[in-house]
Each structure stands twice: as structure tokens, then as C-alpha cells.
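The values are calculated or read from the model by the stated rules, or taken from the named source; none is laboratory data. Model, not experiment: these values are computed from the prediction. Neighbour counts run over all protein chains shown; Cβ positions are idealised from the backbone, glycine included. Areas reflect the complete protein model, heavy atoms only, side chains present, ligands, DNA and RNA absent. Shrake-Rupley method; radii C 1.70, N 1.55, O 1.52, S 1.80 Å.
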Amino acid sequence: MGASSGPEGSSVTDRGLPSAASGPLLLVDIGGYTSFLQSVALAHQDDAFANGAVPDAYAMMSNLLDGIVERVVPPFTLAKLEGDAVFAYATDPGVVPRGPGLLECLAECYADFRHRLDQAHGIWVCRCEACSRIDDLDLKFIVHAGSFVVQEIAGRQELVGPEVVMAHRLLKTGAADVIGHGAYALITAAAATRFGVPVEGAVPLVETYDHYAPIEAHVFPLRGV
């Protein structure tokens, strides 16, 4: 029997049916991104933005996001850019580093991020208060693991499902408070167990959200790595 056709005659099998998957979900978020660009926009509304010009800060932010993608893809697959965050995943757990290797992957990404910030000082022309806030930018990593669905929505491949929602909710936690600064990697117990991540030295954290059981996680400080 042939595949059924829809109103426009296209085969159902041609439409990119949803597929079930399971694996790690990674979010890398630049903390301070929005407030930094808002400050730059306000400070330079009469000069750098004049006549359609764009302040150098925007190119710098693009450079930072490019650097994150270059460090985590591969081994992860890029799902999409979400403003100030990179969302990535893997459907083949075998390609993702295990144990200390996963922590090293995140630490190397963070080290490259700090290096790119340091380089900016050498080429940054403006020294106004708003642009100087570039030093306030920092990273946080969220690593979760679970089942999800990959499907096509509006012509784009998207990841959906409760665990995808949970990974994004974990961007808002008390992790920064418990470690004393904003740079950290939060790895859920599900991800730590699945990939054999050693949790010695990590700060335990339990977060609760509506419609979910309490989720246990381990928070690793990144400053000084």
C-alpha cells in the first residue's frame, strides 16, 4: 500500500514525521547579555546607532556565541541559537565525552569564552561605562538528559517534550547563589548518572517546578578552571 496523501497531494512520509530520541540536552547561556546590550544601546543611541551604524558590542557578542558553538559542536549537535544561549543535543550518547571528559569539554568552552573577552580589551575602542560592563558577562552550562522528540515545525527541526522544557527551566535556579558567583555548570543527577560524571567537589542542589518531581543536580564552579 502506498503512503496516504494530504490535501495538496504530498505524501505523509514526506513531511518529516516526529521521531523519538534520548540523550543529553545542553544549554550554554551568556549571563548579563541582555542588560549589557541594553546599556550599550542607551549609551550610544546618539552616536554608534546614528545613521544605521551598529556598535562594536554586537559583533563581539556574535563572536562569543560563535566560540561557544565551535567548542561544543561537535560532539553535540546544534539545535538552535536562543538569543543569549546555545541549545545543543545528541542522539548518539557514544559521541559525548563521559566522566571527567564531559567536565573538561565544558571547562574548555568556558576558558575560550574568557579568552575571547580578554581579547576584546585589545581591540575595544570605547571605554564608556556601558561598554566596560563587558567584564560582567559570564557563562552558565545546563546539562540534562532524557527523552525528547525531534520534529519539523514551520520548516525547522525542533526538539520538544517535558525534558526539553525542564532543561530550559533550569536556567533559572539558585545555583549562582550557592556557589557565590555567576559562572557554573549545572549537571542534573540524570545526566551525571548517564555519563558517569564524578560529582565530588560539586554543590548539591534540588529544584522544584510545577508538574515535575523535584530534580536533583550538581553545581560545578567554573571560575579558576
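Residue check: is K172 among the basic types (K, R) and modelled with pLDDT of 95 or more? No, not satisfied. Applying the set (1) part of a helix (DSSP H, G or I); (2) modelled with pLDDT of 95 or more to F36 leaves exactly one unmet item: (2). The criterion of at least 1 residues that are under 22 Å from E207 (Cβ atoms) is met, among helices (runs of 4 or more DSSP H) falling completely within segment 93-197, by 100-123, 162-169, 175-179, 189-194.
Matching residues to (1) among the hydrophobic types (A, V, I, L, M, F, W, C); (2) modelled with pLDDT of 90 or more; (3) assigned to a loop (DSSP other than H, G, I, E, B); (4) open to solvent by 20 Å² or more (accessible area, probe 1.4 Å):
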| site | (1), (2), (3), (4) |
| --- | --- |
| M1 | yes, no, yes, yes |
| P7 | no, no, yes, yes |
| G23 | no, yes, no, no |
| A41 | yes, no, no, yes |
| R71 | no, yes, no, yes |
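Of a type outside the set (S, T, N, Q), part of a strand (DSSP E or B) and open to solvent by less than 50 Å² (accessible area, probe 1.4 Å): does that describe V219? Here the answer is yes, as V219 does meet what is asked.
Just wondering, is there one or more residues in segment 135-145 that are out of contact with any Pro (no Cβ under 9 Å at 6 or more places or on another chain) and over 28 Å from V40 (Cβ atoms)?
Narrowing segment 135-145 to residues out of contact with any Pro (no Cβ under 9 Å at 6 or more places or on another chain): 135-142.
If we keep only those that are over 28 Å from V40 (Cβ atoms) too, we end up with none.
No, segment 135-145 contains no residue that is out of contact with any Pro (no Cβ under 9 Å at 6 or more places or on another chain) and over 28 Å from V40 (Cβ atoms).
Is it true that some residue in segment 55-66 is more than 26 Å from K172 (Cα to Cα), assigned to a helix (DSSP H, G or I) and not β-branched (V, I, T)? Checked against the condition, which is being more than 26 Å from K172 (Cα to Cα), assigned to a helix (DSSP H, G or I) and not β-branched (V, I, T), segment 55-66 yields at least one hit. Out of curiosity, is G83 at positive phi, at pLDDT below 95 and either open to solvent by less than 70 Å² (accessible area, probe 1.4 Å) or over 15 Å from the mean Cα position of the chain (by Cα) (or both)? Spelling it out, G83 is indeed at positive phi, at pLDDT below 95 and either open to solvent by less than 70 Å² (accessible area, probe 1.4 Å) or over 15 Å from the mean Cα position of the chain (by Cα) (or both). Restricting attention to segment 162-208, the residues that are among the charged types (D, E, K, R), over 26 Å from A79 (Cβ atoms) and surrounded by 16 or more Cβ atoms within 10 Å (Cβ to Cβ) add up to 0. Residues that are open to solvent by 60 Å² or more (accessible area, probe 1.4 Å) and β-branched (V, I, T) were ranked within segment 105-161; the one that is farthest from V69 (Cα to Cα) is V125. Mind checking which pairs have a first residue in segment 32-43 that is of a type in the set (V, I, T) and a second that is open to solvent by less than 40 Å² (accessible area, probe 1.4 Å), Cβ under 6 Å, 6 or more apart or different chains? Cβ pairs passing all conditions: V40/P55; V40/A57; V40/A130. Taking the criterion of being small (G, A, S) and in contact (Cβ under 8 Å) with a residue 24 or more places away in the chain, the residues of segment 97-121 that qualify are G99, A107, A111, A120.
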